[in-house]
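Contents: one structure, followed by commentary.
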Amino acid sequence: MKNYIINSKKEVSQASLNSVRANDHKINILASLVRGLNVDDAYKILSSVNSKPSKLLFDLLKSCVANAKSNSSVKNPGSLVVGKILVGRGSFIKRFMPCGRGKSAILRKNTANMSMYLYDINNF
């Protein structure tokens, strides 16, 4: 597994997921494992980890590769590299739970926003 350093600003494809019901810290841990890797190596890592954020990142990677095939002139998806993965906090889903003395406690359920950019090795 070779880790590529991306200095170019010209991406081949992009995909994003918004308001995903997952914690952004847990997604960011897995995103740091995949950044700069070849697409095939990223598939292997994300399929071996059994968690909800890995399934979300796997689907996002599949979508990004499909965008590269349809929108760009990429014939070999093995030459693609995961350049950037941006993970940020989304909006909260608020729920209320009853507590003592007739009051209610607010439960905040986190959401996250993710976007992924793929680059082509052959363009460097």
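The values are calculated or read from the model by the stated rules, or taken from the named source; none is laboratory data. This one's a predicted model, so the numbers in the text were calculated from it and none came from an experiment. Virtual Cβ from ideal backbone geometry, glycine too; neighbours counted across all protein chains shown.
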Checked the range 90-111 for anything in contact with a Ser or Thr (Cβ under 8 Å, 6 or more places away or on another chain) and either surrounded by 10 or more Cβ atoms within 10 Å (Cβ to Cβ) or of a type in the set (A, V, I, L, M) (or both); matches are G90, S91, F92, I93, F96, M97, T111
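Every residue in the range 73-124 that is assigned to a loop (DSSP other than H, G, I, E, B) and in contact with a strand residue (DSSP E or B) (Cβ under 6 Å, 6 or more places away or on another chain), please. So that I can check it myself, show each step before the final result.
Let us first name the residues in the range 73-124 that are assigned to a loop (DSSP other than H, G, I, E, B), namely 73-76, 90-92, 99, 103, 110-111, 124.
Across the range 73-124, the qualifying residues are G90, F92, C99, T111.
Just to verify a result, which residue in the range 24-47, among those that are assigned to a helix (DSSP H, G or I), in contact (Cβ under 8 Å) with a residue 40 or more places away in the chain and touching a Leu at 6+ places or on another chain (Cβ under 9 Å), is farthest from Y119 (Cα to Cα)? Break it down into steps so the answer makes sense when it comes.
From the range 24-47, those assigned to a helix (DSSP H, G or I) are 24-34, 39-47; that's our starting set.
The next check asks that each one be in contact (Cβ under 8 Å) with a residue 40 or more places away in the chain; those that pass are 24, 27-28, 31, 34, 39, 41-42.
Narrowing further to those that are touching a Leu at 6+ places or on another chain (Cβ under 9 Å): 27, 31, 34, 39, 42.
Working: I27: 21, A31: 16, V34: 14, V39: 10, A42: 14 Å.
In this case the residue turns out to be I27.
Residue-wise test of (1) out of contact with any Lys or Arg (no Cβ under 7 Å at 6 or more places or on another chain); (2) among the hydroxyl-bearing types (S, T, Y); (3) at pLDDT below 95.
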site: K69; (1), (2), (3): yes, no, yes
site: S72; (1), (2), (3): yes, yes, yes
site: G90; (1), (2), (3): yes, no, no
site: P98; (1), (2), (3): yes, no, no
site: S104; (1), (2), (3): yes, yes, no
What is the one condition in (1) over 15 Å from L86 (Cβ atoms); (2) surrounded by fewer than 13 Cβ atoms within 10 Å (Cβ to Cβ); (3) among the polar types (S, T, N, Q) that N18 does not satisfy? (1)
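Scan the range 61-77 and give yes if some residue there is of a type in the set (S, T, N, Q), closer than 22 Å to N3 by Cβ and either crowded, with 18+ Cβ neighbours inside 10 Å or touching a Cys at 6+ places or on another chain (Cβ under 7 Å) (or both), otherwise no.
Pass one, the range 61-77, residues of a type in the set (S, T, N, Q): 63, 67, 70-73, 76.
From what is left, the residues that are closer than 22 Å to N3 by Cβ are 76.
Narrowing the set further to residues that are either crowded, with 18+ Cβ neighbours inside 10 Å or touching a Cys at 6+ places or on another chain (Cβ under 7 Å) (or both) leaves none.
Within the range 61-77, not a single residue is of a type in the set (S, T, N, Q), closer than 22 Å to N3 by Cβ and either crowded, with 18+ Cβ neighbours inside 10 Å or touching a Cys at 6+ places or on another chain (Cβ under 7 Å) (or both).
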